[in-house]
Each structure stands twice: as C-alpha cells, then as structure tokens.
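The values are calculated or read from the model by the stated rules, or taken from the named source; none is laboratory data. Remember, it's a predicted structure, so these values are computed and weren't measured experimentally. Counting neighbours? That spans all protein chains shown, and the Cβs are built from the backbone with ideal geometry, glycine included. Just so you know, the surface numbers come from the protein's heavy atoms only, side chains and all, with ligands and any DNA or RNA stripped out. Shrake-Rupley method; radii C 1.70, N 1.55, O 1.52, S 1.80 Å.
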Amino acid sequence: YKQVIIKITGLVTAIDFYRRHADAESWYMTGVLACKITSQTITTLVNLFNFSTSRTDHSNLEEFEYVGTCNATSLSGAFKSKSLGKVKGTFTSVTNADYCFMFAPQMDLSEFNITNPSATLNVQQMFENSIMDDFSYPTLLTKGRDFYRMWNNSKLLYFGTPAAPIQLDSATTAQDLDQMFFNSTYLKQVHVTNCAPTTLANAFRNCYNLR
C-alpha cells in the first residue's frame with residue numbers, strides 16, 4: 001500500500017473527491033482505501049464522495065476521517081457511497097445532513113459526531129436507500145429536525161434497542177417525523193426516547209414487518 005500526503009496552501013473553503021480525470025477508463029475503479037483530511041477553513045463538504053457514472057466512485061474506500069476542527073455547515077450528500085464502512089470526525093457546526101449517507105452499507109459511526117450545540121439539524125433522507133440493518137447510536141440524532149423519509153427504501157431492521165433507545169430531543173413538531181421510515185419494509189423494531197412530535201402520521205407508512 002502507498003500513502004500519499006497532499007498539502008494545499010491558500011484559503012480552501014470547499015473540497016470534493018468525486019471529480020473524474022479525463023484519462024480515467026472507469027468511473028468506479030479507484031484504489032483508495034482510506035482518506036484523511038484536515039482544514040479549519042473548509043465551510044462545506046456537500047457531495048464530498050457523491051458518485052455517479054459521470055463522476056468517480058471510490059468503490060474500495062473503507063474509511064474517512066476529518067482530523068481536528070471541522071467548520072463545515074453542510075454534509076449534504078457528503079458520504080453517498082456503497083462501500084464506505086466508517087466515518088470519523090467531529091462536525092458540530094453542521095446544520096444540514098440531508099442525503100448524507102444515501103446508499104450506505106453497514107457503517108461504523110461510533111466516532112462520528114454531528115451534535116451542533118447551538119442549532120438543529122436537517123436530516124431529510126439521510127439514509128435513503130441504505131442497506132444498514134442496525135442503527136444503534138443513541139445520541140447521534142439529538143439535534144435532528146425534519147426526519148422526512150430519513151430511512152426511505154432502506155433495509156433497516158432495528159432502530160435503537162430497549163436498553164439504548166435513540167434520543168430525538170429536537171423532534172417536537174408535526175412535520176418532524178413525517179414519513180421517517182417510509183417504505184422501510186424490513187423494519188422490525190423502533191426504540192426512541194425524549195421524542196415529542198405532535199403527530200406520527202405516515203411515520204411508519206408501508207412498514208409491513210414492524211412488530
């Protein structure tokens with residue numbers, strides 16, 4: 001394996017890794033296994049690894065780490081990947097994480113923090129089409145608001161456990177849980193706490209296996 005260290009001087013406010021080189025023969029075959037970055041001037045990570053056939057899909061990527069302070073306010077589509085197994089970093093300035101883990105495999109988010117101390121977090125369709133079958137991070141979504149279709153079309157089986165329910169402290173309005181688990185046809189159990197939405201209408205629509 002080779003390690004490549006790249007230092008970019010100057011004021012960098014945004015970055016992405018989906019650009020495809022003009023001479024690349026394939027959009028899905030890159031040998032990158034892990035990626036670490038650090039910067040205090042980056043303010044957005046929108047579409048960081050957002051792949052498509054006209055872009056690059058780092059199909060062997062196993063881990064991403066943001067080292068040190070991250071001042072990005074948006075992770076929209078940032079980790080849209082079918083292979084990424086772990087994301088590490090403290091993203092406490094983020095207010096938008098919609099589509100962040102779209103298509104995600106079973107991931108390790110034990111060292112991923114998006115709890116903004118001064119703002120709530122948009123998590124619309126955050127795990128849409130994900131094949132994650134278990135989500136067991138009790139405090140990860142305490143600032144989450146607007147969970148619209150968060151797990152739409154996913155393979156999710158368990159959301160929290162009786163011993164460690166998911167804390168949804170900021171879900172307090174009628175629209176917050178609207179269609180949250182829409183079309184999660186594999187879903188069996190949901191365990192949440194500190195959650196006070198004014199309605200659960202459509203929250204579990206088409207969840208045929210919910211027990």
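If you go through the stretch 171-207 and keep only what is at pLDDT below 95 and hydroxyl-bearing (Ser, Thr, Tyr), you end up with THR172, THR173, THR198, THR199.
Is there a residue in the stretch 180-188 that is outside any loop (DSSP other than H, G, I, E, B) and open to solvent by less than 60 Å² (accessible area, probe 1.4 Å)? The answer is no; no qualifying residue exists.
Residues checked against (1) among the small types (Gly, Ala, Ser); (2) free of Cβ contacts under 8 Å to residues at least 24 places away in the same chain; (3) open to solvent by 50 Å² or more (accessible area, probe 1.4 Å):
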site: GLN106; (1), (2), (3): no, no, yes
site: SER110; (1), (2), (3): yes, no, yes
site: ASN113; (1), (2), (3): no, no, yes
site: LEU121; (1), (2), (3): no, no, no
site: ASN152; (1), (2), (3): no, no, no
site: ASP169; (1), (2), (3): no, no, yes
site: ASP176; (1), (2), (3): no, no, no
site: VAL190; (1), (2), (3): no, no, no
site: CYS195; (1), (2), (3): no, no, no
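So, PHE112, is that one modelled with pLDDT of 95 or more and in contact with a Phe, Trp or Tyr (Cβ under 7 Å, 6 or more places away or on another chain) or not? Taking the combined requirement at face value, the residue does not satisfy it.
Starting from residues that are of a type outside the set (A, V, I, L, M, F, W, C) and buried (at least 16 other Cβ atoms within 10 Å of the Cβ), keep the ones in the stretch 154-167 and report whichever is farthest from THR120 (Cα to Cα). The extreme case among them is LYS155.
Inside the stretch 38-75, residues that are touching a Leu at 6+ places or on another chain (Cβ under 9 Å) and either modelled with pLDDT under 90 or surrounded by 21 or more Cβ atoms within 10 Å (Cβ to Cβ) (or both) make up a count of 13. Within the stretch 152-192, which residues are out of contact with any Gly (no Cβ under 8 Å at 6 or more places or on another chain) and hydroxyl-bearing (Ser, Thr, Tyr)? Of everything in the stretch 152-192, those that are out of contact with any Gly (no Cβ under 8 Å at 6 or more places or on another chain) and hydroxyl-bearing (Ser, Thr, Tyr) turn out to be SER154, TYR158, THR161, THR172, THR173, SER184, THR185, TYR186. Total residues in the stretch 90-112 satisfying the condition of being in contact with a Gly (Cβ under 9 Å, 6 or more places away or on another chain) and not polar (S, T, N, Q): the figure is 10.
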